[in-house]
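Okay, structure first, notes after.
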Amino acid sequence: MARDGRLTRREMLSGAAAAAPAILLAGRRATAAPSPLLPPLPKVPADDATLLLPGSADYARYEVSHNLRTRLVPAVRALCRTPAGVAQMVDWVRDNNLPFAVRCGGHSYEGFSESTGVVIDLRPMAGARVDRAGRVLAIGAGASLGAAYRAVARQGLAFAAGSCPTVGISGHTLGGGYGLLARPLGLTADNLLGLTLVDAGGRLVEADAAHEPDLFWACRGGGGGSFGIATGFRFRLHPVTRVVTFKASWVLPLAAARDLFRAWQSWAPAAPAAMTPVLTITSVAPGRFGIRCIGQSVGAKNDVEAALRTLTAVARGAVIQARTRTFLDAVDYFSGGSAYPVVMMKAKSDYATAPVNEDGVTAFLTELTRHPPGAVTVLCDAYGGAIGDPADDATAFAHRKGTLYSVQYYASWTDPAETPARLASVRAVYDALHPHMSGGAYVNYPDLDLADWQQAYWGANLPRLRVIKRAIDPHNLFRHAQSVPPA
């Protein structure tokens, strides 16, 4: 916990465990892979883009990314300032058949924003304009969630998105975008009004409900890196100035932890839609578990406390902490500030469409305690509310009706020697609970372990996504290891 009482992002991910302190490795350089032989660089006007080569000024500054485990060193990083700059880079990599990736926040769990070839980096395209009367945010595709939050909060408005302020707005939105306003206000993609995108031909395309509606549909949950390069977004905003943050925490033996988990999975999806509750679980000692129910509400503080008493009646000993804060204070409370997190990490995900039975919960918790305290944190994000209002095929995001909650299995570490053991721990905990899940997975938590990842991410929406991909990008220019393949 930060000294001012904030619940840091690391604490959200580590539950109640006392984990080693995070360290920033912004100055650390990844091992360089052999660079492809490059053709002559494009003559892009400085107003449109700056091309950085290894060893050039500012190259290392822009190299930092979230997951050290997947970091790559590009032969060229193009810092694009305008859609025209993006288009010129698209033409260059296409015409020269060069491998490339697109970078915004750099939080891709499997490094899909990394390349040893070319990185088209959108971070300079971060300008924001707020139409207070119309409650609309227009923002560049290189902006972070934190930049969006600050821009709208100054106008007395709120933006529905995730809890980590350094995450890029592009990947977060294109994959759906779960956050602590999701149950009352919907996913980030549900609040998307329109976007501009550079397609495989280098053309700037506008997509919204009236223009390119199929592409607009695909960009709300289809994931980043499949249909083009987004250059700007327009979002619906909400007149939320104050929210209630809440937390209840326990340290419990296995039987009590099992009972609390089973109670939470029945309670959370049916909790008042004003609330977005998250359950975090980790092992703190052999046979003992640290469990937290944390979250945010746009409702009244008394209603939050009354709802949480359902859980404290099952597992006694927890003290409910509920506090009214400004929207921006709540962002800082859950994130712990705006420092960019640089770690080695691995995550996997699941969706629950039915409560896990007693035997399943017992097997999962037993496996969790077989690993060192704090080695793996399991986060369960409640669904229902506004997330479940649209039909499953209303957008490309398919996990709506009947979805109770999502599960994220998360581990982070700083010593490369720990990597094999940490990966094995995440996979073992996942394997214990996964047989009781739906088979779905969240595209914003990409996982290269998944065999049937296309079905897991998109379900019945996959055929339509593939048809749209064929229409917008028939030669599959925009691709990575888990992008949408053309039909």
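The values are calculated or read from the model by the stated rules, or taken from the named source; none is laboratory data. Note that the structure is a prediction, hence the values are computed from the model and not measured. Ideal geometry is used to build each Cβ from the backbone, glycine not excepted, and the neighbour counts take in all protein chains shown.
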Among the listed residues G360, G439, which satisfies the condition of being surrounded by fewer than 21 Cβ atoms within 10 Å (Cβ to Cβ), on the phi > 0 side of the Ramachandran plot and at pLDDT 95 or above?
-> G439
Within the group S412, S425, which residue is assigned by TED's automatic domain parsing to the domain that holds M345, assigned to a helix (DSSP H, G or I) and of a type in the set (S, T, N, Q)?
-> S425
Of all residues in the stretch 442-487 being within 24 Å of G168 (Cα to Cα) and basic (K, R), which is surrounded by the most Cβ atoms within 10 Å (Cβ to Cβ)?
-> K469
If only one of G194, G202 is in the same structural domain as A158 (by TED's automatic domain parsing) and over 17 Å from D473 (Cα atoms), which one is it?
-> G194
Identify, from the list V284, V298, V251, the residue that is closer than 30 Å to V130 by Cβ and of a type outside the set (G, A, S).
-> V298
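For (1) without any contact (Cβ under 8 Å) to a residue 12 or more places away in the chain; (2) more than 17 Å from Y333 (Cβ to Cβ); (3) not in a helix (DSSP H, G or I), each residue gets a yes or a no:
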position: A147; (1), (2), (3): no, yes, no
position: R150; (1), (2), (3): no, no, no
position: G156; (1), (2), (3): no, yes, yes
position: G162; (1), (2), (3): no, no, yes
position: P165; (1), (2), (3): no, no, yes
position: S170; (1), (2), (3): no, yes, no
position: G176; (1), (2), (3): no, yes, yes
position: L187; (1), (2), (3): no, yes, yes
position: T196; (1), (2), (3): no, yes, yes
(1) without any contact (Cβ under 8 Å) to a residue 24 or more places away in the chain; (2) touching a His at 6+ places or on another chain (Cβ under 7 Å); (3) not acidic (D, E): which one isn't true of G225, the others all being true?
-> (1)
Among (1) touching a residue at least 60 places away in the same chain (Cβ under 8 Å); (2) under 21 Å from A268 (Cα atoms); (3) charged (D, E, K, R), which single condition is K346 missing?
-> (2)
Boolean, T245 is under 18 Å from A182 (Cα atoms), among the β-branched types (V, I, T) and in contact (Cβ under 8 Å) with a residue 12 or more places away in the chain = yes
Within the stretch 367-391, considering residues that are within 20 Å of the chain's Cα centre (by Cα) and in a loop (DSSP other than H, G, I, E, B), the one farthest from G295 (Cα to Cα) | V376
Can you list the strands (runs of 3 or more DSSP E) found entirely within the stretch 222-329 that contain at least 2 residues being in contact with a helix residue (DSSP H, G or I) (Cβ under 6 Å, 6 or more places away or on another chain) and either buried (at least 19 other Cβ atoms within 10 Å of the Cβ) or assigned by TED's automatic domain parsing to the domain that holds H211 (or both)?
-> 229-236, 242-253, 275-285, 288-297
